[in-house]
Amino acid sequence: DLRCNNWQTLWKVTMPLSIPGIVSGITMVFMPSVTTFFIPRVLGGGNTMMFGDLIEAKFLTEGNWNVGSALSLIMMVLILISLSILRKADPNGEGGGICKRAYLALILIFLYLPIIVLIVQSFNAGKSRAKWEGFSFRWYTELFQDTRIMNALTVTVTIALLAMVVATILGTLAAIGI
């Protein structure tokens, strides 16, 4: 007993020790909320365009791989920002050893190689996926001038942030037993 009441114990002992778990939970809610496209379509009836829906439409429906690649790069930046916040809150991480290194190698091979191709394609001046026609910011200019894309980005980030806040509040209340 350090002469602390229950609230002082919560804020001076429990919360500082819980920060890595809270940040991890935030990340685990934020990333799926940002990247999902199928669940909002089923639950919302397809009335609201999310960022994942736009990426899917650019690749599959419109066949515009350049803008789809640019959108994918923006999605990756959002995810990397989220992961860097997690890394600052829990710099040591959990686990380790050979399994962690093997897992990271698989991520590099199976996930990052296609992403690198998408990033390079997003700067292609032409519409052809097979032919490089020069370096250009054309698709990014088009992307930020399209109100549909900006609305989808705003809705996606807003929903992800709201889901993150609600999950954090509920998870923290459940963890402290209120």
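Quick check on my filter: what residues within region 37-87 are open to solvent by 60 Å² or more (accessible area, probe 1.4 Å), modelled with pLDDT of 75 or more and not in a helix (DSSP H, G or I)? Within region 37-87, 62 is the sole residue that qualifies. Of the residues making up region 128-144, those that are among the charged types (D, E, K, R) and loosely packed, with under 14 Cβ neighbours inside 10 Å number 3.
Residues in region 1-20 that are open to solvent by less than 100 Å² (accessible area, probe 1.4 Å) and of a type outside the set (Val, Ile, Thr): 4, 5, 8, 10, 15, 16, 18, 20. Within region 149-175, residues that are without any contact (Cβ under 8 Å) to a residue 60 or more places away in the chain reach partners that are among the aromatic types (Phe, Trp, Tyr) with beta carbons closer than 8 Å, at six or more positions or on different chains, in the pairs 150/144.
Among the residues of region 53-74, those identified as charged (D, E, K, R) and in contact with a Phe, Trp or Tyr (Cβ under 6 Å, 6 or more places away or on another chain) are 53, 56.
Among the residues of region 116-127, those that are part of a loop (DSSP other than H, G, I, E, B) and open to solvent by less than 100 Å² (accessible area, probe 1.4 Å) comprise 123, 125, 126. Do we find a residue being within 16 Å of residue 158 (Cβ to Cβ) and modelled with pLDDT of 70 or more anywhere in region 9-29? Yes, region 9-29 contains at least one residue that is within 16 Å of residue 158 (Cβ to Cβ) and modelled with pLDDT of 70 or more. The sole residue among 159, 98 that is open to solvent by 50 Å² or more (accessible area, probe 1.4 Å), part of a helix (DSSP H, G or I), at negative phi and modelled with pLDDT under 70 is 98.
The values are calculated or read from the model by the stated rules, or taken from the named source; none is laboratory data. It should be emphasised that the depicted structure is a prediction, and the values quoted were computed from it without experimental measurement. Positions of Cβ are backbone-derived with ideal geometry, glycine not excepted, and every protein chain shown enters the neighbour counts. Ligands, DNA and RNA are stripped out before the accessible areas are found, and what is left, the full protein with its side chains, is counted by its heavy atoms. Shrake-Rupley method; radii C 1.70, N 1.55, O 1.52, S 1.80 Å.
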